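Computed from the coordinates by the stated procedures, all read-outs in this text should not be read as laboratory data. Note that the structure is predicted; figures quoted are calculated from it, not measured. Cβ atoms come from the backbone with ideal geometry, glycine included; neighbour counts cover every protein chain shown.
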Amino acid sequence: MTDQREEPDKVPSLLERESRGGDVADGGLSFQESVMMSYVPTWLTHEGFEEMTRESMGDIEAKFFVPGRESARELIEVKNHRILPAEFWEEVGRFRDLDDGSPDTFHRFVLVGKELGEDVKRLKNGLERVRGPHSFYEGTPIEETSFAGYAEMIVGMGHCEDDARFLFERVEIRDDLTTDEAQWRGVFTGELFSHFPEYEELPGKIVGDVYEGLGDLLRSRRNRSIPRKEVERRILGRVPVAIRPPVRPVVVRTSISDEKEEAGPEIRPIRLDWKDFSGGDGRSYPPPAEWDDRLIGELRQTKEWILRHRSTRRVRLTGNRRHSAALAVGAVFSAVTGFAVEMEVRGGQLWATDAYPTEETPNFPVSASGDVFACERLVVSVGVMRDISDAVEESLDALGLAGAPTLHLHSNEAVRSAEHANKAAKVLKDTIVETLWRSGGARVELFFAGPAFLAMALGHGVNAVAPMRCHEWGSDGSYVPTCELPS
């Protein structure tokens, strides 16, 4: 077994020879451009796709936003010839050197060749055979035995098990992208239609103009960053306004359990991993500081990224989350900052914060009780189809809120539509604002029980009112503080 890497601790540089492939040899450059073009529609389905470049550290690279951590990058090496074992392992060694010298910079490496030598083809087939159904057999003896067999094949080629693991987890090998120039437009068009079916309705000449416009952009930006916004402008600029497909919303997925990213042409959302804020079966939550630092921090980071790198302020929210998190989403992507938020509700419907009530929208009757007097803090409970006032009152002493003024809002009215929910949110907000003014309060302690969309819609409208600390029902049979909504 050998490890062919040299200077594994060396930090990679844009000035090294391997990072200047296009400067010292232009062979295969047109094929390189066609490969990059074929990836553009796929990258655009990644909501966090930020920018791309070519002839930098690798032939082609793409950068992706990941909330709460450094950006992720994908590096693609392109060979316009048959890849034999010696060159293959040299490239893998280069990938490993990049990964060792700059950890966590690249999340995936891709090697694209016109053709693969027999030994490399056999390795690729074995890798795909084991990796393809890997998740289906995860945790079983089949998974362990299959990987061991694949690793044994790599060792038999004179390399080590670490190489096998690196290939399995981080490297994709492709020989399916045509080098026939006459077919490059067809490859791009197929990828575009697969990921953006709305473009199939456009005349062929316009799709051809899109292809030519993107090609011009790539050729003009060697060793320079190309932002996502510029790619999108170049595409839309070649489509007449009258038939231009609408700009898609930015899909953000919140998760409170382990989820695997699906393969295929589907949209890859910006993911917010909030398992730690799910409470679990025992409803045990992190301290408020962690909610503020991580959950609110990731939302703010996501919002700022969207403002810088996307051409829309419309967000589509999918997944699951606690009420505190739903309130936080609405408050961060607030109405006053120009955002509109769609949320998936039961039945697969999309309800949006800009689905405004009409004259036909039913009223939302709310009963109010409590004891309001002058104080800096106001305790507010909201219960829809469920009165939580007694449980809130019983929790106030432990929360250090005993003796604070209270406003308990309750309604037995079911929320029937997005318009109805937005009307309800306004009724709740107006009542809170008026009561806060009467009490002279500067802060709100908020307790909520009701539909998730209503929580998000309420947060969407109250962020300009006053700082609000949310609460969740905890493991000890009382409420505990969670995040503070931005004011």
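Considering every alpha-carbon pair of segment 229-308, the percent of pairs per 10 Å bin, from zero through the bin containing the longest distance, is 14, 33, 29, 16, 8, 1. Over the chain, dividing the summed -39,500 (n - 2.57) contributions of all DSSP H runs of at least 4 residues by the number of residues returns a 222 nm mean residue ellipticity of -12000 deg cm²/dmol. Counting 0.36 nm for each residue step from Gln183 to Arg300 and taking away their Cα separation leaves a gain of 37.7 nm. Dividing the convex hull volume of the alpha-carbon atoms in segment 331-424 by its residue count gives 154 Å³ per residue. Calculated over segment 31-94, the projected area of the Cα convex hull averaged across directions stands at 5.1 nm². Full extension of the chain between Asp175 and Glu290 gives 36.8 nm of extra length, using 0.36 nm per residue less the Cα-Cα distance.
When each of the peptides 381-387, 100-106 is scored by the mean number of other C-beta atoms lying within 10 Å of its residues, the order from highest to lowest reads 381-387, 100-106. Extents of segment 359-398, taken as max minus min of Cα coordinates on every principal axis and listed largest first, are 43, 24, 12 Å. Taking N as the number of residues in segment 1-243, what is its alpha-carbon radius of gyration divided by 2.2 N^0.38 Å? Rg over 2.2 N^0.38 Å, computed on Cα atoms: 1.08. Using equal-weight Cα scatterers in the Debye expression, the normalised intensity of the chain in log10 at q = 0.13 Å⁻¹ is -1.18.
In segment 161-222, inverting the average of 1/r over every pair of distinct C-alpha atoms gives 14.3 Å as the Kirkwood radius. Sorting 89-99, 52-62 by their mean Cβ neighbour count within 10 Å, with the most densely packed peptide first, gives 52-62, 89-99. If I take all pairs of Cα atoms in segment 367-485, what percentage of them are more than 25 Å from each other? The answer is 15 percent, as a whole percent.
Amide H contacts under 5 Å for Leu399: none, restricted to partners 5 or more places along the chain or on a different chain, H placed in the peptide plane at 1.01 Å from N. Using r as the Cβ-Cβ distance of Glu115 and Ser194, and R0 as 30 Å, what FRET efficiency do you calculate, to the nearest 0.05? Given R0 = 30 Å and the Cβ-Cβ separation, E is 0.80.
The phi torsions of segment 222-234, fed into the Karplus equation with coefficients 6.51, -1.76 and 1.60 and a -60° offset, translate into couplings of 5, 6, 9, 5, 10, x, 4, 4, 5, 4, 5, 5, 5 Hz, rounded to whole numbers, with Gly and Pro shown as x.
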